[in-house]
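See below for the structure under consideration.
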Amino acid sequence: MDRLVASLKRLPGIGEKSATRLAYFLLSAPEDVSRELAEAIDRLQRDTVVCETCYTLSDRTPCPVCAHSERDATLVCVVEEPADMAAIERSGGFRGLYHVLGGALSPIDGMGPETLRVNELERRVASVGVKEVILATNPTAEGDATAHFLADRLQGSSARITRIAYGMP
Ligand code: ZN
């Protein structure tokens, strides 16, 4: 019990109280609940690869989005993390491809341009007939700074650079 509570407490947003509650839940739940959870956690890192085209996390590369024949490859949506890509995918309204940066610029946290997949984005925009790059970094100070930085870097390319609108459903 102590070991499980200690492990759960390492997760973001989980304190002693939540960890203890979850541990008691697992103790009293049917056995397959904890077995399924343990198996899913065990397989998570083993079965997850980085897509060599868009850099999202998937069980294969290229990922299902990049491999999809009906997606519009001239449209590239730039996001910070795989979870941001998943959120846009869930909305179902976007038919282009993605580029996952791996974070946002944040000098305080040591996140400079060289820690993000900026060169990869530049290469991609230059090589495969990309017509529009949509900067969909998060609406935070870091996300905005990253969008401005990318817009500057991509200025010389033939693609149109746009920023996603916020405050709309
Ligand atoms: Zn991909």
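The values are calculated or read from the model by the stated rules, or taken from the named source; none is laboratory data. Quick caveat: nothing in here was measured; it's all calculated off a predicted structure. Ligands, DNA and RNA are excluded from the accessible area calculation, which covers all protein heavy atoms including side chains. Shrake-Rupley method; radii C 1.70, N 1.55, O 1.52, S 1.80 Å.
In terms of Cα atoms, the Rg and Dmax of the chain work out to 19.5, 61 Å.
Note on the chain: with a GNM built from Cα contacts shorter than 10 Å, the maximum mean-square fluctuation among ALA23, ALA67, ALA147 falls on ALA23. As a ratio to 2.2 N^0.38 Å, the alpha-carbon radius of gyration for the range 87-163 is 1.10.
The Rg/Rh ratio of the range 1-62, with Rg taken over Cα atoms and Rh as the Kirkwood radius over Cα pairs, comes to 1.13.
Convex hull volume per residue, computed on the Cα atoms of the range 9-98, equals 137 Å³. Taking θ as phi - 60° and the Karplus parameters 6.51, -1.76 and 1.60, the scalar couplings of the range 7-18 work out to 5, 5, 5, 6, 6, x, x, 10, x, 4, 5, 5 Hz in sequence order, x denoting glycine and proline.
Annotation: THR140 carries an accessible surface of approximately 60 Å², with a 1.4 Å probe and no ligand, DNA or RNA atoms counted.
Centre-to-centre, using Cα atoms only, the range 110-124 and the range 142-158 are separated by 11 Å.
If contacts are Cα pairs under 8 angstrom and at least 6 residues apart, what is the relative contact order of the chain in percent? About 15 percent, as a whole number. Build a GNM of the chain with springs between Cα atoms under 10 Å apart, and of ALA104, ALA29, ALA86 the one that fluctuates most is ALA29. Sorting ILE88, ILE41, ILE108 by solvent-accessible area of protein heavy atoms yields ILE108, ILE41, ILE88, largest first, with a 1.4 Å probe. To the nearest 10, the accessible area of PHE25 is 110 Å² with a 1.4 Å probe. Surface composition of the chain: carbon and sulfur make up 55 percent of the accessible area, probe 1.4 Å. Among ASP2, ASP42, the sequence by solvent-accessible area, most first, with a 1.4 Å probe is ASP2, ASP42.
Ordering LYS17, LYS9, LYS131 from largest to smallest accessible area (1.4 angstrom probe), what's the sequence? Intermediate values should be presented prior to the final figure.
Working: LYS17 180, LYS9 90, LYS131 135 Å².
Order by accessible area, largest first: LYS17, LYS131, LYS9.
Which of PRO107, PRO82, PRO64 moves most in a GNM of the chain, Cα contacts under 10 Å? Judging by the Gaussian network model, the answer is PRO107. For the chain, the solvent-accessible area with a 1.4 angstrom probe is 64 square angstrom per residue.
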